[in-house]
Amino acid sequence: MKKTFITTALMTALITAVLMAAVIAVRMILSVTFSEQAAEVFCRVSISFVFFYFICSLSKNKLKAAN
């Protein structure tokens, strides 16, 4: 049980780090290609999506563990 929790936490942290790096890279490309405002809008929308995705996935995993 403890190893499963640690593995899940590490995978979640790794996925979050990769997603943040991707968002930063896309933001840099958008700010050079289009404008800083387009990059800012993309960043805010994508970070909000990632946040709510992880909240929903954590609650889904909690329900699976309860059953």
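Mind listing just one residue for me: the one in the stretch 42-65 that is open to solvent by 90 Å² or more (accessible area, probe 1.4 Å) and not basic (Lys, Arg) and, of those, modelled with the highest pLDDT? Looking at the filtered set, the residue picked out is Val45. What do you reckon, is Leu19 modelled with pLDDT under 95, open to solvent by 80 Å² or more (accessible area, probe 1.4 Å) and in a helix (DSSP H, G or I)? Taking the combined requirement at face value, the residue does not satisfy it. Among the residues of the stretch 4-23, which ones are more than 25 Å from Ala39 (Cα to Cα) and out of contact with any helix residue (DSSP H, G or I) (no Cβ under 9 Å at 6 or more places or on another chain)? Thr4, Phe5, Ile6, Thr7, Ala9, Leu10, Met11, listed by residue number. So is Ala25 surrounded by 10 or more Cβ atoms within 10 Å (Cβ to Cβ) and either in contact with a strand residue (DSSP E or B) (Cβ under 8 Å, 6 or more places away or on another chain) or modelled with pLDDT of 95 or more (or both) or not? Yes, satisfied.
The values are calculated or read from the model by the stated rules, or taken from the named source; none is laboratory data. These numbers come from a predicted model, not from an experiment. Neighbour counts are summed over all protein chains in view; Cβ atoms, including those assigned to glycine, are modelled from backbone coordinates with ideal geometry. Only protein heavy atoms, including side chains, enter the accessible area calculation; ligands, DNA and RNA are left aside. Shrake-Rupley method; radii C 1.70, N 1.55, O 1.52, S 1.80 Å.
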